[in-house]
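The values are calculated or read from the model by the stated rules, or taken from the named source; none is laboratory data. Because the structure is predicted, anything quoted here is derived from the model rather than measured. So basically every Cβ, Gly included, is an ideal-geometry build from the backbone, and we count neighbours across all protein chains shown. Surface areas here come from the heavy atoms of the whole protein model, side chains and all, with no ligands, DNA or RNA. Shrake-Rupley method; radii C 1.70, N 1.55, O 1.52, S 1.80 Å.
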Amino acid sequence: MKLRMYAAATTALLSGCYFDSADLTINHDNDGRVSIVRAMGSANTESPGETQTAGCIALPNSWAGTVSISVSGTAQGAEFTTTPAADSSLSLSMNNDRPVIGYDWQCFSDSRTYAENDTGEAVFSLTPGQPAMTVLTSIGVVNRAEGSYQDQIASHLLLSDADAAPHWQKVGSQQKLGDYTQTLPGGDAYYIYLPAYESGAEQDAVLRIDQQGVHSATLPFGNAIAYLNGKLLTMETTNVEGRMVSRLSISEDLIDWTNLPDTEPLSGIIYDRFNQRYIAQAGASEETLAMYTSDDLQSWTELANAISYNTIFYALPSGNLIGTDSYGEQGLFLLSSDSSSWESVTPPSLATGEVFRARQIVQTDDGTVHVAGVSGVDSGSEEGWAWTAAHYGFSSDGVNWTWRSAGEWSNPQDIAGLAVNGQQVVVWGYQNVQASPDAGQNWISSDAAALAAGVWDALPEDAALYLNDVSVHNDQFIFQAYLSVGAESIALALATSDFTSYLFLGMQQGLQLLTGADVLFARVDGGNNGHSDVYTYKVPDTGGDNGDGDNGDGDNGDGDNGGGDNSSSSSGGGLGGLSLLILSILGLRRRFI
């Protein structure tokens, strides 16, 4: 490979630094060139003296082009521009410590004395010479764990035009949000509740992310939102003349809001699309907590007693409800349409004294509920319950169940989630994966590290990979994981329909895919720049369905109780067919299971 590259991180610090988000997709200019910008800044310094910084870029071994760099920034407050020198020692270390299949890292370094609040950027410029090419970059400090040049890896897809390959298209930026802000999918959009105390505004607001961008709307009031039957509901529990009530207001366009009659304090609400009714859980105390139903959100009729304040519930086509206590005992319960009391649901294989706990429930578009859970007995010791078996079950009416094993688990309590696509089932933990091609009749065991095998020949010695979400979008499983490496965590997203070939969706600190809506979105949180870049996933139009439209009712507002995870395990739109173009670039062809 003929290569001439010059790159550097333009700022560094001795004890704290931040890195702004980098673009997931970069388009060629009119001359066929691209510019990749990586920016960082210093937060503070421990002591004076020179600090060595480095910038690295990984390109496919088959590529024979050249790369140039423009570097600008400040050091001790003074502006500078430089062309740093190639550093063979750092290049060797990067290829040894962070090897990428089919790629070669080239690193460049520079030494300067930096002060607090110095900032800068490095701009890599190259001519890809092909419609789509993925490259990786990393910048940072040398010989320090925090902010290390080896651990700020970001992927970039370089595109000649929008039809060259499936890609992330930036639609805007939003205010950087806290970890506990409520988010929920709805139709072809994603809604994020933005409390005033977090935004600094006078009123609470909601952000709507769609394919046209990020839109902010002021809420009339509220401390929670729910997406119900194509409308957004905002609710607030408050004291009115000495009585605690929930105030409600609803809107279709986030402009005109209609206030609804006050209700007993709500702790959950859904829309039952199968039976065209709203179902809510409300009550001022544990003793008065009950289930209610309404056709119009105006008047409510008591339906049955409630399980607890933390109930997540799902409406079935039969008119029955399935529920679980999401924070307490986590049992599984059925409320029949002709009953006013919940009854326990357990696998028939339980022995005397064993109990069953639901670990995850998902509902597919046909209304079927799928459950992953564990069973065990009281150990009689301080360790509490001893969980000995993992179960997978599904039912279309909540009465008649099919129960099967959920695969082999050394500790069933490690089960963190469940995803279902037709007959394909994935039960996962943070480092373990059980996959079934036939609705749980047979299982194949794997682990999170196997996902990384398509990127690295082997995980770096100082790294570990942890799953943090598995979902289904447009008939493909989306795996979101984070690579704990050095002192950093790098987010990694992959998609597959067959567990043999993988679509690489991106890698960067702060990357989060927003799943559950009809369209797939992503946000990348920046370091100290106070915003998050927002993307929508675009598939080239080849004359068929490009995945941008509604491919069926994948919205799971039907199961949203305003706080729990009721995301549908089968939602439409977005990814289209599995693209091997990006896979061939990154070499992601290794078998996962």
Which condition breaks for A449 when tested against (1) crowded, with 19+ Cβ neighbours inside 10 Å; (2) over 28 Å from D20 (Cβ atoms); (3) of a type outside the set (K, R)? (1)
Can you name the condition, by its number, that G398 falls short on among (1) under 15 Å from S344 (Cβ atoms); (2) in a strand (DSSP E or B)? (2)
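I'd like the full set of residues that are assigned to a strand (DSSP E or B) and either β-branched (V, I, T) or farther than 23 Å from V485 by Cα (or both), limited to segment 123-146. Don't jump to the end; show me each part of the working.
Residues of segment 123-146 that are assigned to a strand (DSSP E or B), as a first pass: 123-126, 132-141.
Within segment 123-146, V123, F124, S125, L126, A132, M133, T134, V135, T137, I139, V141 meet the criteria.
Out of the residues in segment 251-278 that are aromatic (F, W, Y) and open to solvent by 20 Å² or more (accessible area, probe 1.4 Å), state the one that is farthest from F221 (Cα to Cα). Talk me through it step by step, then tell me what you get.
The first filter runs over segment 251-278 and keeps only residues aromatic (F, W, Y), leaving 257, 271, 274, 278.
The next check asks that each one be open to solvent by 20 Å² or more (accessible area, probe 1.4 Å); those that pass are 257, 271, 274.
Numbers: W257: 11, Y271: 21, F274: 30 Å.
The extreme case among them is F274.
Applying the selection to segment 165-219, what residues are hydrophobic (A, V, I, L, M, F, W, C), more than 20 Å from Y537 (Cβ to Cβ) and not in a strand (DSSP E or B)?
Just the residues of segment 165-219 that are hydrophobic (A, V, I, L, M, F, W, C), to begin with: 165, 168, 171, 177, 184, 189, 192, 194, 196, 201, 205-207, 209, 214, 217, 219.
Applying the additional criterion that residues be more than 20 Å from Y537 (Cβ to Cβ) yields 177, 194, 196, 201, 205-206, 217, 219.
Scanning segment 165-219 gives L177, A196, A201, L219.
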Taking segment 88-123 as the search range and keeping residues that are over 36 Å from the mean Cα position of the chain (by Cα) and farther than 20 Å from V37 by Cβ, which one is most open to solvent (accessible area, probe 1.4 Å)? S88
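Examine segment 428-447 for a residue that is charged (D, E, K, R) and assigned to a loop (DSSP other than H, G, I, E, B), and state whether such a residue exists. Please lay out each step first, then the result.
From segment 428-447, those charged (D, E, K, R) are 438, 447; that's our starting set.
Retained after the next criterion (residues that are assigned to a loop (DSSP other than H, G, I, E, B)): 438.
The answer is yes, given that some residue of segment 428-447 is charged (D, E, K, R) and assigned to a loop (DSSP other than H, G, I, E, B).
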Any idea which residue in segment 163-208 is modelled with the highest pLDDT, counting only those that are surrounded by fewer than 17 Cβ atoms within 10 Å (Cβ to Cβ) and aromatic (F, W, Y)? Y197
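Scanning segment 86-101 for residues that are at pLDDT below 90 and touching a strand residue (DSSP E or B) at 6+ places or on another chain (Cβ under 6 Å), which turns out nearest to V135 (Cα to Cα)? Please lay out each step first, then the result.
The first filter runs over segment 86-101 and keeps only residues at pLDDT below 90, leaving 86, 96-101.
The next check asks that each one be touching a strand residue (DSSP E or B) at 6+ places or on another chain (Cβ under 6 Å); those that pass are 86, 100.
On the way: A86: 18, V100: 11 Å.
Restricting to residues being at pLDDT below 90 and touching a strand residue (DSSP E or B) at 6+ places or on another chain (Cβ under 6 Å), the top hit is V100.
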Filter result (of a type outside the set (A, V, I, L, M, F, W, C) and open to solvent by 10 Å² or more (accessible area, probe 1.4 Å)) within segment 149-160: Y149, Q150, S160
Failed condition for G222, given (1) assigned to a loop (DSSP other than H, G, I, E, B); (2) in contact (Cβ under 8 Å) with a residue 12 or more places away in the chain; (3) open to solvent by 20 Å² or more (accessible area, probe 1.4 Å): (3)
Residue ID - nearest to D475 (Cα to Cα), chosen from residues in segment 355-387 that are more than 30 Å from the chain's Cα centre (by Cα) and not hydrophobic (A, V, I, L, M, F, W, C): G376
(1) open to solvent by 20 Å² or more (accessible area, probe 1.4 Å); (2) more than 25 Å from A390 (Cβ to Cβ); (3) in contact with a Leu (Cβ under 7 Å, 6 or more places away or on another chain) all hold for L483 apart from (1)
